[in-house]
Amino acid sequence: MLVHGYHPFAEDAEIYLPGVEKIMNPQLFPVGREYFASHASLTLFPNLIAFFLRVTHLPMEAGLFLWHVASILLLLLACWELSVILFSSARARWAAVTMVAALLTIPVAGTALYIMDQYLNPRNLAAFAGIFAVARTLERKYVHALLWLAFAGSVHPLMAMFAFSFCVLLGVMEQFECRTGVLDSSRIVAGLCCWLPFGSFLDPPTSRAYHEAAMRHGFHYIQLWHWYEVLGAIAPAALLWWIGRIARARQWRPLARLCRALVIYNLGYFCAALLVDLPARFESLARLQPLRSLHLLYTLMFVVLGGLAGEYIVNNRAWRLAALFVPLSVGMFFAQRALFPASAHIECPGAVPKNPWAQAFVWARQSTPVDSVFALDPLYMQLPGEDAVGFRCLAQRSRLADAIKDSGAVSMFPPLAEQWWSQVLAQTPWKNFRAEDFARIKEKYGVSWVVLQQPGPAGLDCAYQNPAVKVCRVP
C-alpha cells in the first residue's frame, strides 16, 4: 500500500462502483445508469460488496478499503502457495512473493492493465482467485481449482476465462506427459489454433458511433500498439522457454511444466489477438481482448522470476534482498506519484480529498438533489490535475456520457453506441461552451448542473468554487 498507493474512486472505479451505490440507494442515477449497469449485470461484484456493507453497517469508503487490503493479502497468499509448489527454499519463496508485491502496479504490456489496481474492482478479486486455481491445478486438486475459478467467473467472467483456459492447458499437458512420457508442444499449439476462429459468424458492428468508441480503446487492437508493447507481449515466451530449460535440467518439474504451459498459453492468445484484429470480419471479437491473457501470465512470470532471484541472487543475504527490492519499490512509488500528482498517495477512508476536482465532486454529493443531472467536459478525466477521479462514483450523481470511461462500456456493448455518441457530441467542444450552450443541453437532456474548469465562462450561478473547479447551476 505504501508503495502503490490507494485511490478508491479513480479510473475504472467509475464503471464498477456505481453498481454498488445503486444497490445501496436505488434512487441514485436516474439518468445514465446503462453505462455501468451493462457491466454490473454480468458480475456479482456489486451485490457482494453491497451485501458486505449492509451486514457490517460500515461506511462505503471503509468497506472498500478493507476489501482492497484483503484482495492484496489474498493475492500475495496465493503467490506464496504457488511458490511453495515451485521452489523448495524459503529464500526463493519469499523473494517470489516480494517480487509480485513490488510490481503490483507495473503496466502489463499494452493492455492498459496492472497486476493489481490502486482501487477495488472485480479484476483484483479475479486475480487472486486465478492464482489459487493455478496452484490447486498443479497440485491436482481439480475440484478446489474449479471452485476458485467459479468465484473468479462470478466477479469477472472475462478474466476468469483466461485462468480457466490456462488451468485446462496445465491439466491436458500433465495427462499427455503421463501417457507418452514427453510433451509434443507443436500438437498442443496446433490444437489450440483450431479454437481461434470461434465466433467468426458474428457480424462486426459497423456504425460510426461504435468505431468512435472502439478507437478510444486502442489497446483492444494489437496493430495500434507501440513496438515496445508488442515486445512486452511476445518476449515472455522466449524468457519462459529459457527458464523452462533450466528447470528441466535441475529436475524442477512443477516449474518446468508451468513454464512450458505459459509459453503455449502466450503464443496461443497472441495468435488469437492477431486473428481477431487484422481481418475486418473478426473485428467484433477484438472486444474480447485476447491479450488480457497477459495479466495472468505476468503475475505468474514475476513469481517465477522472483523465485529464481531468491535462489541465485539473494542466497540468504539480507543486504542482497534489500539491494534488489528497495530500488524497485522506490521506482514504483515515484511512478505512482507521477500518475496521481494532485491526490494524496493513500486516500484514507473519510479523509477530506486533497484533489480539488474530488473536493468539487464531494460537494456535489452532499449539496445537490439526488436526481440532479450533471454535465462535464467529456474528456474531464484526462485534464491536468484531475487524476482520473470518476465523477459518477464519487459524486453519486447522474451525468451525461463522457468520452473516456463510458466509451469502454460502448466498446463492449455496441447497442449503447448511438446514445453515447449523441451525448458526447452534444458536449463538444466543451471549452467553447457559453450560457446558451448549457441551456441547450438542459433542454435536451435535463442537465441541471455543470462542473467547469476554472475560470470557465462568465454569467453562471456557481454555488461552489475552488482554485481549479467550479460547480454551477444551468440557467
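The values are calculated or read from the model by the stated rules, or taken from the named source; none is laboratory data. Keep in mind it's a predicted model, so treat the numbers as computed, not measured. All Cβ positions, glycine included, derive from the backbone under ideal geometry; neighbour counts span all protein chains shown. For accessibility, only protein heavy atoms count, side chains too; no ligands or nucleic acids. Shrake-Rupley method; radii C 1.70, N 1.55, O 1.52, S 1.80 Å.
Surface composition of the chain: carbon and sulfur atoms hold 65% of the protein heavy-atom accessible area at a 1.4 Å probe. Placing unit charges on each Cβ (+1 for Lys and Arg, -1 for Asp and Glu) gives the chain a dipole about its Cα centre, and among Leu460, Met99, Ile243 the Cα reaching farthest toward its positive end belongs to Ile243.
Counting alpha carbon pairs within less than 8 Å and at least 6 residues apart, what relative contact order, in whole percent, applies to the range 71-117? Once normalised by length, the contact order is 28 percent. Ranking of Lys22, Lys431 by solvent-accessible surface, largest first: Lys431, Lys22 (1.4 Å probe, protein heavy atoms only, all chains present). Within the shell defined by Cβ-Cβ distances under 13 Å, the residues around Ala37 carry a net charge of 0, with Lys and Arg each +1 and Asp and Glu each -1.
Annotation: lysines with alpha-carbon distance below 19 angstrom to Lys354 (same-chain offsets under eight excluded): Lys470.
In order along the range 421-432, the phi-based Karplus estimate (6.51 cos²θ - 1.76 cosθ + 1.60, θ = phi - 60°) of 3J(HN,Hα) comes to 5, 4, 5, 5, 4, 5, 9, 10, x, 4, 5, 9 Hz; Gly and Pro are listed as x. According to the Kirkwood relation over distinct C-alpha pairs, the hydrodynamic radius of the chain is 23.8 Å. Answer rounded, prolate or oblate for the range 338-475, using the Cα gyration tensor with square roots of eigenvalues a ≥ b ≥ c: rounded when a/c is under 1.5, else prolate when a/b is larger than b/c, else oblate. In terms of gyration-tensor shape, oblate. Cα centroid separation, the range 99-168 to the range 62-92: 12 Å. Which FRET efficiency, nearest 0.05, do Ser89 and Arg434 yield, Cβ-Cβ r, R0 45 Å? With R0 = 45 Å, the Cβ-Cβ based efficiency is 0.05.
The angle separating the long axis of helix 318-339 from the principal Cα axis of greatest extent in the chain is about 30 degrees. In the assembled protein chains, Val474 presents an accessible area of approximately 10 Å² (probe radius 1.4 Å). Relative contact order of the range 213-261, taken over Cα pairs closer than 8 Å and 6 or more residues apart, is 24 percent. Net charge dipole, the chain: roughly 1100 debye, given to the nearest 20, about the Cα centre with Cβ charges of +1 for Lys and Arg and -1 for Asp and Glu. For the chain, what does -39500 (n - 2.57) per DSSP helix run (n ≥ 4), summed and divided by total residues, give at 222 nm, in deg cm²/dmol to the nearest 500? Rounded to the nearest 500, it is -19000 deg cm²/dmol.
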